[in-house]
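One structure is given below, encoded as structure tokens.
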Amino acid sequence: MLKKIGLTVALVAGVPLCAHFIFMPPPLEGRTASRAVSPSPATTLGKFAVKPRPNGDSGVLPLIDGPDSFAARIALIRTAELALDVQYYIWQRDATGLILLDELRKAAARGVRVRLLLDDNGITGLDEDLAALDALPNVEVRLFNPFILRKFKLFGYAFDFLRLNRRMHNKALTADGAVSILGGRNIGDVYFGFGDGVQFIDTDVIVAGKAAADVGTDFDRYWHSGSSHPVARIIGSPQANSLERLISDARRAAESAEGRLYFERLRSSELVGDLIAGRPDFEWTEVTLVSDDPAKGLGKAENRDLLFPQLMSLLSMPTRSVDLVSAYFIPGRTFSRALRQLADGGVRVRILTNSQAATDVIVVHSAYVKYRPELLQSGIKLYELKPEHAIREEPRTQGLAGSSRASLHSKTLAVDGQRIFIGSFNFDPRSFHLNTEMGVLIDSPRLAEAVAAAFVERFPQVSYLPVLTGEDGIVWDEVGIDGERIRHYTEPQTSPLSRLFLRLLGLLPIEWLL
């Protein structure tokens, strides 16, 4: 009997071990070597990016509106003359995803070099499209920490968990080494206010000049990292009709009712028109790119080379205020203690995150609520976004608008009304320790004060405000339509069953994974 048990245990342990060696990523030898182009005044985008400026060597322009952010990406792709470096965590095969893939194809057809680096965890249904693009002249596609099993990708975690649990969460698009868009948005309808259902509220920023060149240099680090594999070595050659299918599907997406509205935004947007004409209304200032060492994707980065320690070093010690917007906020013991110490020392700390009703990842909320009482006890103000918060200027067509709810996806941090960080970094354990992240720290009192003003003028209207009653009891205040206070004694817009489910999730020892 014991012998049979021993054989069974050996078999159970041996199968994943064998699979680990059988399905290892292919070797990286022989990859092409390439570098980001330097901004040049000979290009449309380079003309204004390389001019010396008295207030700083980087231009910044925030992108709050989803449709404008989508239009700005298309404008950069269409204006590029030399090179496009594109890096994303999620790229969905929906209307906006198909349209942008086809725009990259068209750019390559006119001679622009396209390098596309995607995390392999967020490209469901795109294998054939990416293989087809990679086969074109001027296009090269790589996958970060790829799954070797393609049809049953999740099974890969059973025998390669340590590697596959580390993802590339970066999001950036750089044109001609001169102008970049980076921030919180992935590529997909929900990130640009496209369609019905959940709509993500997010923040991107356009950067030009030195900051864009720095993004290009950082892209090179990831492109040549030990986690970035040529897509052809993972997926193989495309099928005969793959490219035609991509072109056809993208055309249908562009000709749809909402697709036409987005292209109308592209034609009518003042921001896009100024960008194409080379006269964008940038604020020129000091901008510092902060990013993880891509070796983090293999668990080999030194702590000093991670984003969060670098960011904290750059910010030093806040003296007046900390305004944090984080969709998936799990501060952990160390960061929670630091925030409470700031508040105890007289620094005003305010945090906007999702309410239980608004979050799209309930397990994250189950970890966040553990820290909520002690944060409130220190005088930290918490704002939890309502799901019915409206997406401003979301394009709709008659008969297409259905019910939709909002979910916060933005990641920003403003300090002392002077500097603001915008990027992909969620203030949670996964961003701290597992996923690679990037963002920019901007010296801009105008942008930092805009965040501070939102905590006074807008966020109270669109959020529930948790308030302590006694030691750890919590109620939620809401500002009604008439301005009167409404008090909720349980988490608003939740059911007893959902609250029980949240409590049970909170018992699981998985916070380090979130």
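The values are calculated or read from the model by the stated rules, or taken from the named source; none is laboratory data. Remember, predicted model here, so these are calculated numbers, not experimental data. Neighbour counts are summed over all protein chains in view; Cβ atoms, including those assigned to glycine, are modelled from backbone coordinates with ideal geometry. The protein model used for the area step is the full one, side chains on, heavy atoms only, and it has no ligands, DNA or RNA in it. Shrake-Rupley method; radii C 1.70, N 1.55, O 1.52, S 1.80 Å.
Each residue, Arg499 and Gln239, gets one label point 7 Å from its Cα in the Cβ direction; the gap between the two is 5.0 nm. Would you work out if region 126-200 is rounded, prolate or oblate? Take a ≥ b ≥ c from the square roots of the eigenvalues of the alpha-carbon gyration tensor; rounded if a/c is under 1.5, else prolate when a/b is larger than b/c, oblate otherwise. Oblate, because a/c is 1.5 or more while a/b does not exceed b/c. From the alpha carbon centroid of region 144-213 to that of region 475-506 is 32 Å.
Can you tally the net charge around Asn354? Count Lys and Arg as +1, Asp and Glu as -1, for every other residue whose Cβ sits under 14 Å from the Cβ of Asn354.
Working: positive: Arg372, Lys386, Arg405, Lys411; negative: Asp202, Asp360, Glu384, Glu388, Asp428, Glu491.
Residues close to Asn354 contribute a combined charge of -2.
Provide the gained length on full extension for the span Ile362 to Arg337, in nm with one decimal, where the gain is 0.36 nm per separating residue minus the Cα-Cα distance.
Working: separation 25, 0.36 × 25 = 9.00 nm, distance 2.38 nm.
The Ile362-Arg337 span can extend by a further 6.6 nm.
Measuring against 30 Å, Cα to Cα, the residue pairs Lys210/Lys300; Lys153/Lys300; Lys171/Lys210; Lys106/Lys300 contain Lys106/Lys300 as the ones spanning a longer distance.
Oblate is the label for region 232-337, because the ratio a/c of its alpha-carbon gyration tensor axes (a ≥ b ≥ c) is 1.5 or higher and a/b is not greater than b/c. Projecting the Cα atoms of Thr79, Leu28, Leu408 onto the charge dipole of the chain (Cβ charges, centred on the Cα centre) puts Leu28 farthest toward the positive pole. Solvent exposure of the chain, expressed per residue, is 42 Å² of accessible area, with all protein chains present and a 1.4 angstrom probe.
Return the loop-located chymotrypsin sites (Phe, Trp or Tyr not before Pro) in region 421-514 (DSSP other than H, G, I, E, B) with at most 16 other Cβ atoms within 10 Å of their own Cβ; answer none if there are none.
On the way: sites: Phe421, Phe425, Phe427, Phe432, Phe455, Tyr464, Trp476, Tyr489, Phe501, Trp512; in loops: Phe425, Phe427, Tyr489.
Loop-located and lightly packed - Tyr489.
Rounded if a/c is under 1.5, else prolate if a/b is larger than b/c, else oblate: which is region 172-245, with a ≥ b ≥ c the root eigenvalues of its Cα gyration tensor? Judged from the Cα gyration tensor, region 172-245 comes out oblate (a/c at least 1.5, b/c at or above a/b). Among the listed values (1) 79, 66, 51; (2) 74, 70, 39; (3) 71, 57, 54, the one computed from these coordinates for Cα extents along the principal axes in Å is (1). Taken about its Cα centre, region 122-165 carries a charge dipole of about 240 debye when Lys and Arg each add +1 at the Cβ and Asp and Glu each add -1 at the Cβ.
If you roll a 1.4 Å probe over the chain with all protein chains in place, what percent of the accessible area is carbon or sulfur? If you can, show how the numbers build up before the last one.
Details: 12580 of 21830 Å².
With neighbouring chains kept in place, the figure for the chain is 58 percent.
Computed over the alpha-carbon pairs of region 40-155, the distance histogram in 5 Å steps reads 2, 10, 17, 20, 18, 14, 9, 5, 3, 1, 0, 0 percent, short to long.
Around Tyr222, under 11 Å between beta carbons, what's the net of Lys plus Arg minus Asp minus Glu among the other residues? Present the calculation step by step, with values, prior to reporting the outcome.
On the way: positive: Arg115, Arg142, Arg221, Lys296; negative: Asp85, Asp119, Asp218, Asp220, Asp292, Asp293.
Computed value for this residue: -2.
Which of Ala448, Gly66, Thr494 sits farthest toward the positive end of the charge dipole of the chain, with +1 on the Cβ of Lys and Arg and -1 on the Cβ of Asp and Glu? Going by the Cα projections, it comes out as Thr494. Of the GluC sites (Glu not before Pro) found in region 420-510, the ones in coil according to DSSP and having at most 16 other Cβ atoms within 10 Å of their Cβ are Glu471, Glu484.
Multiply the residue gap between Lys106 and Thr469 by 0.36 nm, knock off their C-alpha separation, and tell me the result in nm, one decimal place.
Numbers: separation 363, 0.36 × 363 = 130.68 nm, distance 5.93 nm.
Extra length from Lys106 to Thr469 when fully extended: 124.7 nm.
Region 446-464 and region 306-331 have their alpha-carbon centroids 18 Å apart.
Evaluate the Kirkwood expression for the hydrodynamic radius of region 409-487, namely the inverse of the mean inverse distance over all pairs of different C-alpha atoms, and round to one decimal in Å. After inverting the mean inverse Cα-Cα distance, the result is 15.0 Å. Each label was represented as a point 7 Å from its Cα along the Cα-to-Cβ direction; for Val198 and Asn55 these points are 3.8 nm apart. For region 279-313, the list of GluC sites (Glu not before Pro) that fall in a loop by DSSP and count at most 15 other C-beta atoms within 10 angstrom reads Glu302.
Place +1 on the Cβ of every Lys and Arg and -1 on the Cβ of every Asp and Glu in region 117-246, take the dipole about the Cα centre, and give the residue among Gln199, Ile235, Leu126 whose Cα lies farthest towards its positive end. Checking the options against the dipole of region 117-246, the answer is Ile235.
Provide the gained length on full extension for the span Asn165 to Leu507, in nm with one decimal, where the gain is 0.36 nm per separating residue minus the Cα-Cα distance. Working shown, then result.
Working: separation 342, 0.36 × 342 = 123.12 nm, distance 2.14 nm.
Fully extending the segment from Asn165 to Leu507 adds 121.0 nm.
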